[in-house]
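Scroll down for the structure; my scribbles are underneath it.
The values are calculated or read from the model by the stated rules, or taken from the named source; none is laboratory data. What you are looking at is a predicted structure, and each value in this text was computed from that prediction instead of being measured. Here the Cβ is made from the backbone with ideal geometry for all residues, glycine too, and neighbour counts use every protein chain on show.
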Amino acid sequence: MKTTKIFSFLFLFMFSSVTFAQDELQITAKDSIVQSSWIFGVGLNAVDDSGNVFDGIFNVGQEWNIVPFPSRVSIGRYFKSGLGIEAIGTYNQYKEGNVIDAEVITENISYFGFDGRVTYDINKIIGETGWFDPYVGIGAGYTDANNKGRGTYNAVVGFRTWFSDRWGLDFNSTGKWAMSQDQGATNHIQHAAGVVYQFGIEKGLSKRGEEKLELLAAIEKEKQRQTDSINEVNRIKDEALLAERLKKQQEEDALAAAEKAKIDAINKRKTEIKSRIENLGNVYFGLNSSVVNSSSKKVLDSLAQVLEEIPTLTLKITSHTDSRGTSKYNDWLSQRRVDKTKDYLLSKGVSADMLTTEAYGETMLLNECDDDTYCPEEKHAVNRRSEFVIMEF
């Protein structure tokens, strides 16, 4: 007994551990990363073109040139492979009194740069860091600096830091080597910092997310194995119950078929009775008259015969007038007509319990012949009628 309790405890502990681990391994937004996107950036740039940048690399006051407004714009496309292609435009101004090409300049000089580059995301090598995104790159461009235009070969190192999937900061430094120094054009360094915005984003799982996904798949596979085992145990029991259920279903189907046949027979009988009464037609009256004429009596005689044959049948007699005359008069006249119709049926031996009545006056015309529409007599005659509505079969 003691051994059994120990094994039960171990089983419950292992099951709880697996359940807890699976809850911990849910894929969340933190497990996804941006794999490809467009990035647009706006920021500042600083140029060190002193002629000997490594001696005075931190001599910001005399060797760095910066304008106090956004002076750099970039647009780039970055791919899942880690490669990126970027186009950059920059403007700057060499300040009077700064050292440019190893000389102190005596006036402000504009600086323009147009560059293209290919970069590589170092996170593809060191692993995703989430918020820190270092990169290196090479490229080429055209720069007009110190009134000397030149093509340049470029090398860049930098990093981006992200506050969200869309917004971040970009910091980088680019070395620019002149393709030709015929006019005394020299090499220089350009630093940049700015805000970047990502759009056209395609996301995927990080390495951590992929590891979670693999582990979740393994757990799910084990759960499926256990489920299959339980299902196999239950299969024999289910097969035994299946025959019993099938027999019961066949019995229920037979009862349902019999019930349907019964309902179909009743509906067929109802349809026949309804058709028989509708085929008799309506009772019609003369103008301003409630007299049951000879042709109407034939209809009522046939109707009385139907009611005699089917004692369970109950009818509602409705009577109507045409639109001529006042509404109050027509209400009175239709009541007279419905009473006369009922009285005739009662005189033929029809039980009063089988009949109800309702007078509608001129409110239920069968055509357009209202108070505002002229109609010939034959159209008005259609509205002077008693009708029969089946209430119960």
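In the set (1) under 30 Å from I310 (Cα atoms); (2) not in a helix (DSSP H, G or I), N288 fails one condition alone, (1). The single condition from (1) assigned to a helix (DSSP H, G or I); (2) surrounded by 13 or more Cβ atoms within 10 Å (Cβ to Cβ) that E252 fails is (2). For the condition part of a loop (DSSP other than H, G, I, E, B), in the same structural domain as F388 (by TED's automatic domain parsing), out of contact with any Cys (no Cβ under 8 Å at 6 or more places or on another chain) and surrounded by fewer than 14 Cβ atoms within 10 Å (Cβ to Cβ), what is the one hit in G361, G349, G325? When all the criteria are applied, what remains is G349.
Consider region 238-249 and keep the residues that are among the acidic types (D, E) and loosely packed, with under 10 Cβ neighbours inside 10 Å. The one that is nearest to I27 (Cα to Cα) is E239. Exactly one residue out of D165, D182 is surrounded by 14 or more Cβ atoms within 10 Å (Cβ to Cβ), assigned by TED's automatic domain parsing to the domain that holds S36 and of a type in the set (D, E): that is D165. Scanning region 325-383 for residues that are small (G, A, S) and in contact with a strand residue (DSSP E or B) (Cβ under 6 Å, 6 or more places away or on another chain) yields a count of 2.
With the structure loaded, tell me whether E259 is modelled with pLDDT under 90, outside any loop (DSSP other than H, G, I, E, B) and not assigned by TED's automatic domain parsing to the domain that holds L346 or whether it fails that test. No; evaluated as a whole, the condition is false for this residue. Listed conditions (1) surrounded by fewer than 14 Cβ atoms within 10 Å (Cβ to Cβ); (2) polar (S, T, N, Q); (3) touching a helix residue (DSSP H, G or I) at 6+ places or on another chain (Cβ under 7 Å) are all met by S386, apart from (1).
For every residue, the table says whether it meets (1) in contact with a helix residue (DSSP H, G or I) (Cβ under 9 Å, 6 or more places away or on another chain); (2) under 24 Å from F393 (Cα atoms); (3) surrounded by 12 or more Cβ atoms within 10 Å (Cβ to Cβ).
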residue: K212; (1), (2), (3): yes, no, yes
residue: L216; (1), (2), (3): yes, no, yes
residue: E232; (1), (2), (3): no, no, no
residue: I236; (1), (2), (3): no, no, no
residue: K260; (1), (2), (3): no, yes, no
residue: K274; (1), (2), (3): no, yes, yes
residue: V291; (1), (2), (3): yes, no, no
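Write out, first by first residue and then by second, each pair whose Cβ atoms fall under 6 Å of each other, whose residues are 6+ apart or on separate chains, and whose first residue, in region 74-102, is surrounded by 15 or more Cβ atoms within 10 Å (Cβ to Cβ) while the second is among the basic types (K, R). Taking only residues 6 or more apart or on different chains, the pairs are G82/K124; I85/R77; E86/R117; T90/R72.
Scanning region 56-113 for residues that are of a type in the set (D, E, K, R) and in contact with a strand residue (DSSP E or B) (Cβ under 7 Å, 6 or more places away or on another chain), which turns out modelled with the lowest pLDDT? Filtering first and then ranking leaves E63.
Looking at K298, is it closer than 30 Å to R336 by Cα, of a type in the set (K, R), without any contact (Cβ under 8 Å) to a residue 24 or more places away in the chain and surrounded by 13 or more Cβ atoms within 10 Å (Cβ to Cβ)? Criteria met by K298.
Just to verify a result, which residue in region 263-299, among those that are more than 60 Å from the chain's Cα centre (by Cα) and hydroxyl-bearing (S, T, Y), is farthest from L366 (Cα to Cα)? Among them, the one singled out is S294. Quick one: would you say V136 is among the aliphatic types (A, V, I, L, M) and in contact with a strand residue (DSSP E or B) (Cβ under 7 Å, 6 or more places away or on another chain)? Criteria met by V136. Considering D133, D115, D144, the condition of being more than 19 Å from Q35 (Cα to Cα), without any contact (Cβ under 8 Å) to a residue 40 or more places away in the chain and surrounded by 15 or more Cβ atoms within 10 Å (Cβ to Cβ) is satisfied by D144 alone. Among residues of region 359-374 that are closer than 23 Å to V389 by Cβ and without any contact (Cβ under 8 Å) to a residue 40 or more places away in the chain, those with a beta-carbon under 8 Å from a residue that is among the hydrophobic types (A, V, I, L, M, F, W, C) and part of a loop (DSSP other than H, G, I, E, B) at least six positions away or on a different chain give the pairs N367/C375.
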